[in-house]
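Below is one structure; the comments refer to it alone.
The values are calculated or read from the model by the stated rules, or taken from the named source; none is laboratory data. Worth saying up front: this structure is predicted, and the values here are computed from it rather than measured. Backbone-built Cβ (ideal geometry, glycine too); neighbour counts: all protein chains shown.
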Amino acid sequence: MGLFAGLCTLFALVVTVGEGWQEHVHAQWPAATARIQSCGLGPVSSRRNAYYGINCRLSYLVGSEQIEAKVYSRSIPAPQRVIWQYPPNQIGTLQQWVDEHPEGTPITVHYDPDNPRKAVLVETDMPLGGPQTANNLKLLGFAAASCVLLLTIARFARPRSSS
């Protein structure tokens, strides 16, 4: 089990570093104040009612050009699915955010200077939207602590040979 926790730690480290670097790059992109054109909560996967998420269509100016882009939250299990989730009732939190952000609501996005139609949320109050490095670091810490603990237990639980 200790070795499995070690592999999980290694995987979490690779994901954390990769996503952290990507988020760092996105934070360097130019910022723009976008206006929400439409925002909704609905299915985000091809399987029927498998996962739900927030999907917003935005518009913002880059120079004199009006740009339209989409931003999304991460997805959660559909309300019809009976599955454990933490925190509970995530669909309610996502729906509340959508209700509080009608058409015309301003939201800050960062856009790719090489492709202004690609926008990301760097600082946001959107549930399950924006950067994940803080959560990834928590998972990495838990995996690393589990690995150390399990390897320590395994070391002391080994039968000792008598000489």
Before we move on, is Gln85 in contact with a strand residue (DSSP E or B) (Cβ under 9 Å, 6 or more places away or on another chain) and modelled with pLDDT under 70?
yes
Of the residues in the stretch 99-115, those that are crowded, with 19+ Cβ neighbours inside 10 Å and farther than 15 Å from Ala69 by Cβ number 0
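To keep it simple, each residue is scored yes or no on (1) of a type in the set (Val, Ile, Thr); (2) assigned to a strand (DSSP E or B); (3) over 23 Å from Ile76 (Cα atoms).
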position: Thr93; (1), (2), (3): yes, no, no
position: Trp97; (1), (2), (3): no, no, no
position: Pro102; (1), (2), (3): no, no, no
position: Ala119; (1), (2), (3): no, yes, no
position: Pro127; (1), (2), (3): no, no, no
When (1) closer than 20 Å to Gly20 by Cα; (2) exposed (fewer than 12 other Cβ atoms within 10 Å of the Cβ); (3) at pLDDT 85 or above are applied to Lys118, the one that fails is (2)
Quick check: anything in the stretch 88-102 at pLDDT 80 or above, farther than 29 Å from Ala12 by Cβ and over 22 Å from the mean Cα position of the chain (by Cα)?
yes
Pick out, from the stretch 7-80, the strands (runs of 3 or more DSSP E) lying fully within it that include 3 or more residues that are among the small types (Gly, Ala, Ser), in contact with a helix residue (DSSP H, G or I) (Cβ under 6 Å, 6 or more places away or on another chain) and modelled with pLDDT of 85 or more.
none
